[in-house]
1. Among L289, G317, F301, whose Cα sits farthest toward the positive end of the charge dipole of the chain (+1 at Cβ of Lys/Arg, -1 at Cβ of Asp/Glu, about the Cα centre)?
2. In which sequence would I37, I264 go, from the one with the fewest C-beta neighbours within 10 Å to the one with the most?
3. Can you give the FRET efficiency for D304 and N167, using 1/(1 + (r/R0)^6), R0 = 30 Å, r = Cβ-Cβ distance, to the nearest 0.05?
4. Nearest 20 debye, what's the magnitude of the dipole of segment 275-413 about its Cα centre given +1 on Lys and Arg Cβ and -1 on Asp and Glu Cβ?
5. For H286, H214, what ranking results if the residue with the fewest other Cβ atoms within 10 Å of its Cβ goes first?
6. Measure out, as a whole number of angstrom, how far apart the alpha-carbon centroids of segment 365-394 and segment 245-318 sit.
7. To one decimal place, what orientation-averaged projected area in nm² is obtained for the convex hull of the Cα set of the chain?
8. Would you mind telling me the antiparallel percentage of the DSSP bridges in the chain, rounded to 5?
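Read-outs throughout are calculated quantities, based only on the coordinates presented, and are distinct from any laboratory measurement. Everything numeric here is computed off the predicted structure, so don't read it as measured data. Virtual Cβ from ideal backbone geometry, glycine too; neighbours counted across all protein chains shown.
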Amino acid sequence: MAKRVMIIGWDCAAPKLVFDAFKDDMPNTHRLMQAGIYGQLESTIPPITVPAWMCMMTSRDPGELGIYGFRNRSNYTYDALAIANANAIKVPTLWELLAEAQQRSVVLGVPLTYPAKPFPGWMVTSFLTPVNPNSPLTDRKLQWTFPPRLIREIEQVSPDYMIDIPNFRTDKRAELEKQLLKMTRTRFKFARYLLEKKQWDFFMIVEMGSDRLHHAFWRFWDKTHHKYEPNSPFADTMRNYYRTLDDELGEMLARVDHDTTVIIVSDHGAKRMDGGICVNEWLQKHGYLKLKTKPQGPTRFTSDMVDWQQTKAWGEGGYYGRIFVNVVGREPNGIIKQQDYENVRDELKTQLEAIVDESGQNINTRVFKPEEVYHKCNNIPPDLIVYFGDLYWRSVGSVGYNSIYTYQNDTGPDDCNHAEMGMFILKNGIHTDGHVPTKSIYDIAPTVLKEFGLDIPDAMRGNPI
Ligand SMILES: [Zn+2]
């Protein structure tokens, strides 16, 4: 029988939850772990959904893809941040490589696949698709499925299908919990249909619900979270959701034969969020950034607030920080001479890594220069990539706090940050060693190619697991 590979992606799933905390609630997962191998999967730098899944599917780093986050600089002006889409991917994805070898794929919910391009298989795109995520079926003009007629099958099989949960950063958590379960159930319902009705060699589904779950409910589970609430009505929400994931996994496994290679993966992990470092407040305090006027209270940072003639660097918020240097001849009003660029970056790095919390303890901030962590730096990389407090702290871009610390998130309630270590489980009937040392997100695409007996392109960063 021809080889088949099925990947089930749980966005943001953390190894300590799957392998430890919720192990007893996940019997199907546990059985796979015992029958195969499992361990930590090191994510991309930065460990962010976009670009992480696409880095996994191409085995190329964010620099080579030229995608450094959800939003990327499209030129060197001060406010040209554009949201990436599939057209930005210039190297072949796993399903495109498999297509060259006459293998057919189902690709369901993989981030950064919109707009869906023709290929031998079936695709439903992910969040970042410009349709109403709650009721995508109302929009038939946009290319969010391939072939386009697949929308009709979604309508028949899983009419409540959701791409994502709009406004998942909300305090209405009871409603959010319901939506999460509905989204996951309806996605897997359609996945089971595709699994049974389509002729595929490679099948991949990514569920975003686990990411939304962590951001909204982490504090009700993690006793070390500074906002932990004992006896909350949401105390079991995380556990119940993982039970649902496991239940859906069981349904999927029941529909594939025993020779199918099964891989469970996450694109990055999750950890509690201790707070936010207001990156642009910090830059002002240290003399790098000058605003024309002082904002009254927290205000979204925009380029028109800045006195660019006196600004050396500015920052962007997110799960990690990005710092951009205002360089002569590169930015419109650059003031840092090219020959001083390295010194400014080194000085920033040293000062950022010395950040302490309010009790004076160093929070273990790490700073990366893109050219030191990527093989290439296509498009426009940030000048520095910053993990505040080893990612226990997020980066807050807004200004007007009068402090570099904040414990409220400027984009809505959020309890967790992304962590570098995601997880994987691989069952192919050959490797049965159980727990193995950490592998890389770049190893997944070569692993799948090897399962099909195909050559692994030299340009891929990873190796078969
Ligand atoms: Zn993710």
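1. F301
2. Values: I37 20, I264 25.
Ranking I37, I264 by Cβ neighbours within 10 Å, fewest first, gives I37, I264.
3. Numbers: r = 27 Å, r/R0 = 0.91.
After rounding to 0.05, the efficiency reads 0.65.
4. Values: 15 positive and 17 negative charges, 57 e Å.
For this selection, approximately 280 debye.
5. Numbers: H286 15, H214 29.
Starting with the residue having the fewest Cβ neighbours, the order is H286, H214.
6. 12
7. Numbers: hull surface 88.0 nm².
Seen from a random direction, the Cα hull of the chain projects 22.0 nm² on average.
8. Numbers: 36 of 64 bridges.
Rounded to the nearest five, the antiparallel share is 55 percent.
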